[in-house]
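The values are calculated or read from the model by the stated rules, or taken from the named source; none is laboratory data. The structure displayed is predicted, hence computed values, not measured ones. Cβ placement follows ideal geometry from the backbone for every residue including glycine, while neighbour counts extend to all protein chains displayed. With ligands, DNA and RNA removed, areas are computed over all heavy atoms of the protein, side chains included. Shrake-Rupley method; radii C 1.70, N 1.55, O 1.52, S 1.80 Å.
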Amino acid sequence: MRETEILVERARTGLREAFGDDDTDPVVALAPARVNLVGGHTDYNDGLCLPMAIDRHVAVAARPRDDDSIRVSSTDFDETATFSPADDPSGWVAYVAAVARVLREDGDVPGADLAIASNVPTGAGLSSSAALELAVGRVLVELAGAALAPKALALACWRAEREGVGVECGILDQFAVGLCEPDAALFLDCQTREYEHVPLAGDVGVLVVDTGVSHELADSGYNDRVRECEAAVTALRDATGTRVRSLRDVDIDVLETHADALGDVLYRRARHVVTENERVVVARDALKAGEFGRVGDAMLAGHESLRDDYEVSCPELDAAVELAAATEGVYGARMTGGGFGGSVVALVAGDAIERRAQTIRDAVADRVGPDARVFTGRPSGGVRLLGSE
Ligand code: GLA
């Protein structure tokens, strides 16, 4: 059985075991994890990014209920929770409740029994939370008999993450998980919220090195970086006397001219964002042309910028990038996700993926850390309802 089939079966069985047998056939949605090839910390700066969904998933099986409460069971955590619309649960259930709440603001969503099964590592910077949100959102929309465009669902889940969980994140994760297509990356403009599917012109995959250093966005420096970028925008607006609304309105010349007005830290934060947007365009074009070496160069330059200018890396992430980059056949590597831990993504030729993974696996405990793990990822599609493809 393929891994996703096993996962779906786990969710279906979990539903029966937690909430009893029933004649109704459950609705099942499958949402992928994502890596971000280039475009780190640009999304909340109205910038550009280039994510790709990978074949690790969260599966949610669901059945409607007669009342408006939601019962949810996680086969991975072996936990079951029940909440009604007025409740505000914590932990992983908070994501489920936040999605239900946001969807209920816009329409009728019935009560439901849900079971979750996941093979996305949590805390690894691979958007396990967005995958959970989109899978839950997709089944709830189906149970409601509503029609919601994929982009609207992604935006609803983004609101759920911000309002329900308190991370001031941008739209990257929910758009990637919601809108990616198989064998393509997603070029996303976070200012206009327009996007383009960028077909991978060749057989490539990714290696993910999970450092094992867990990051918690809400507790880490993530929201501090959001504040610093806002401060940089205010300083640049004052210094230039023009209507700078976000770092997207600034190019490198303007930034250099007004560097003194920013001071060292804000200048470096802004320089990362401005140069990272440029790297996304370079990487998108290179990806289209099948010039994977150039994509890899943009990834490596992006990592240096995240490390030195944006200061969201950590020694384990740097070691993992170094190890991956020194491995034959790897085009490039960088941290993916919020940083301060989590994972590194490396771009590799598809036919060599298992061999490269093994080479890195052999060295990862010594070079990165005892809890580090390596796995492979293939480009995958965004959230989907089973039986609807
Ligand atoms: C996290 C956030 C995203 C994005 C990335 C950094 O994954 O959830 O919105 O800001 O960090 O690129």
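Cβ-Cβ distances below 6 Å connect the following pairs, each with a first residue in segment 112-133 that is among the hydroxyl-bearing types (Ser, Thr, Tyr), a second residue that is part of a strand (DSSP E or B) and within 13 Å of the ligand (Cβ to nearest atom), and a separation of six or more residues or different chains: Ser127/Ala33; Ser127/Arg34.
Residue-by-condition table, conditions (1) touching a strand residue (DSSP E or B) at 6+ places or on another chain (Cβ under 9 Å); (2) assigned to a strand (DSSP E or B); (3) within 16 Å of the ligand (Cβ to nearest atom):
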residue: Thr192; (1), (2), (3): no, no, no
residue: Tyr195; (1), (2), (3): yes, yes, yes
residue: Gly205; (1), (2), (3): yes, yes, no
residue: Val213; (1), (2), (3): no, no, yes
residue: Asp224; (1), (2), (3): no, no, yes
residue: Arg243; (1), (2), (3): no, no, no
residue: Leu255; (1), (2), (3): no, no, no
residue: Val265; (1), (2), (3): no, no, no
residue: Ala286; (1), (2), (3): no, no, no
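Scanning segment 290-315 for residues that are open to solvent by less than 60 Å² (accessible area, probe 1.4 Å) and assigned to a helix (DSSP H, G or I) turns up Phe292, Gly293, Val295, Gly296, Ala298, Met299, Leu300, Ala301, Gly302, His303, Ser305, Leu306.
Of Asp55, Asp76, Asp23, all but one fail to be touching a Ser or Thr at 6+ places or on another chain (Cβ under 6 Å), part of a loop (DSSP other than H, G, I, E, B) and either more than 16 Å from the ligand (Cβ to nearest atom) or acidic (Asp, Glu) (or both); the exception is Asp76.
Annotation note: Cβ proximity below 6 Å between a residue of segment 165-192 that is touching a residue at least 60 places away in the same chain (Cβ under 8 Å) and open to solvent by less than 10 Å² (accessible area, probe 1.4 Å) and a residue that is within 9 Å of the ligand (Cβ to nearest atom) and among the basic types (Lys, Arg) (sequence gap 6+ or interchain) occurs for Ala176/Arg34; Val177/Arg34.
Could you list, in sequence order, the residues of segment 233-254 that are open to solvent by less than 20 Å² (accessible area, probe 1.4 Å) and within 18 Å of Gly39 (Cβ to Cβ)? Correct list: Ser246, Leu247, Val250. Scanning segment 350-366 for residues that are touching a residue at least 12 places away in the same chain (Cβ under 8 Å) and open to solvent by 20 Å² or more (accessible area, probe 1.4 Å) yields Asp351, Glu354, Arg355, Arg356, Thr359, Arg361, Ala363. Taking segment 42-52, which residues are open to solvent by less than 10 Å² (accessible area, probe 1.4 Å), near the ligand (Cβ under 7 Å from one of its atoms) and outside any strand (DSSP E or B)? Correct list: Thr42 only. Suppose the filter is more than 16 Å from the ligand (Cβ to nearest atom), out of contact with any Cys (no Cβ under 8 Å at 6 or more places or on another chain) and hydrophobic (A, V, I, L, M, F, W, C); does Ile6 pass it? Yes: the conditions hold for Ile6. Among all positions in segment 74-89, there is no residue which is at pLDDT 95 or above and touching a helix residue (DSSP H, G or I) at 6+ places or on another chain (Cβ under 8 Å).
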